[in-house]
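Okay, structure first, notes after.
Read the figures in this text as sums done on the coordinates, not as results from a lab. Keep in mind that what you see is a predicted model, and the values were worked out from it rather than measured. Cβ placement follows ideal geometry from the backbone for every residue including glycine, while neighbour counts extend to all protein chains displayed.
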Amino acid sequence: MRIDVVTIFPSYLQPLREALLGRAIDRGLLEVAVHDLRDWTHDVHQAVDDSPYGGGPGMVMRPQVWGEALDDVLATPDLPARLVVPTPAGRPFTQATAHAWAAEERLVFACGRYEGIDERVLLDARARGITVDEVSIGDYVLVGGEVAVLVMVEAVARLLPGVLGNPRSAAEDSFSDGLLEGPSYTRPEVWRELAVPDVLRGGNHAAIARWRRDRALERTRDRRPDLLDALGPDALDAADRAA
Ligand SMILES: COc1ccc2nc(C(=O)O)sc2c1
């Protein structure tokens with residue numbers, strides 16, 4: 001997968017080259033290119049924003065600069081790209097989104113700042129046949145799209161074949177079966193007088209699987225009842241029985 005990020009703060013994306021993702025890049029499983037939006041300005045001040053029509057607080061990112069940048073970055077007809085624009089006004093980014101995007105050959109992320117990007121940039125891209133996804137990573141507002149891109153790229157890249165050491169990790173994620181993951185334990189058996197649950201040390205794999213499922217149901221019911229609702233009435237009954 002090829003990932004391009006256009007931003008006025010390229011250094012914000014440096015964490016993508018660390019640890020697991022950095023190793024995936026080094027191994028050729030992932031290609032990441034970060035572009036400085038100001039490279040497409042032509043004035044001495046490298047202006048990327050201007051006052052909003054209709055008034056109001058803050059500034060809006062100029063369409064001319066974004067248009068030229070995306071013309072260049074998206075100019076790869078042999079490699080169809082999905083343009084992703086993080087915005088508080090976007091559709092929720094979920095694990096299902098991450099799985100869908102993990103099948104893409106290329107993702108291009110446009111990081112807004114200030115009050116966002118002039119709407120015509122997205123209209124123009126869609127008019128040219130480019131798939132444009134406006135997404136939010138949560139019901140809160142960041143200062144810009146860069147942090148949201150870090151979150152989304154990590155969520156997508158870890159699903160790519162070979163990135164995670166153990167492919168079962170992704171298969172057993174929270175949300176992979178619609179439930180939150182239950183508690184995890186490692187050595188020592190007793191720590192500060194707190195013991196690991198006996199069932200996990202007993203070697204009965206069926207009992208361990210049942211215990212883990214019960215803890216996941218219980219935790220999901222307590223913390224994310226909306227996820228249980230999505231799984232139907234049987235899941236809620238199972239969660240109540242698991243407690
Ligand atoms: C101006 O660009 C922004 C500003 C806030 C923001 N908040 C996001 C979120 O997903 O919460 S994406 C995003 C992009």
The farthest towards the positive end of the charge dipole of the chain, of the residues Ala230, Ala110, Gly203, given +1 on Cβ of Lys and Arg and -1 on Cβ of Asp and Glu, is Gly203
Any idea how far apart Asp139 and Asp43 come out in nm if each label point goes 7 Å out from Cα toward Cβ? 4.0 nm
Value of [θ]222 nm, deg cm²/dmol, for the chain, DSSP H segments ≥ 4, -39500 (n - 2.57) each, nearest 500: -11000 deg cm²/dmol
Can you give the net charge of the other residues whose Cβ lies under 15 Å from the Cβ of Val32, counting K and R as +1 and D and E as -1? -3
Multiplying the sequence separation of Glu104 and Ser11 by 0.36 nm and subtracting their Cα-Cα distance, what value in nm do you get? 31.0 nm
Show me the trypsin sites (Lys or Arg not before Pro) within the stretch 90-188 that DSSP assigns to loop and that have at most 15 other Cβ atoms within 10 Å of their Cβ. Arg128
Note: probe point = Cα of Gln64 + 7 Å toward Cβ; backbone nitrogen < 20 Å; residues of the stretch 117-134 passing the test are 117-125
FRET efficiency, 1/(1 + (r/R0)^6) with R0 41 Å, evaluated for Ala230 and Asp36 via beta carbons: 0.50
Once you keep just the Cα pairs under 8 angstrom separated by 6 or more residues, what percentage relative contact order results for the chain? 18 percent
The local net charge around Pro88, scoring Lys/Arg +1 and Asp/Glu -1 for residues other than Pro88 whose Cβ lies under 11 Å from its Cβ, equals -3
What FRET efficiency would be calculated for the residue pair Thr76, Leu160, taking the C-beta separation as r and a Förster radius of 25 Å, to the nearest 0.05? 0.80
Selection of trypsin sites (Lys or Arg not before Pro), the stretch 20-67, meeting DSSP coil and at most 13 other Cβ within 10 Å: Arg27
What are the GluC sites (Glu not before Pro) within the stretch 20-109 that DSSP puts in a loop, where the Cβ has at most 15 other Cβ atoms within 10 Å? Glu105
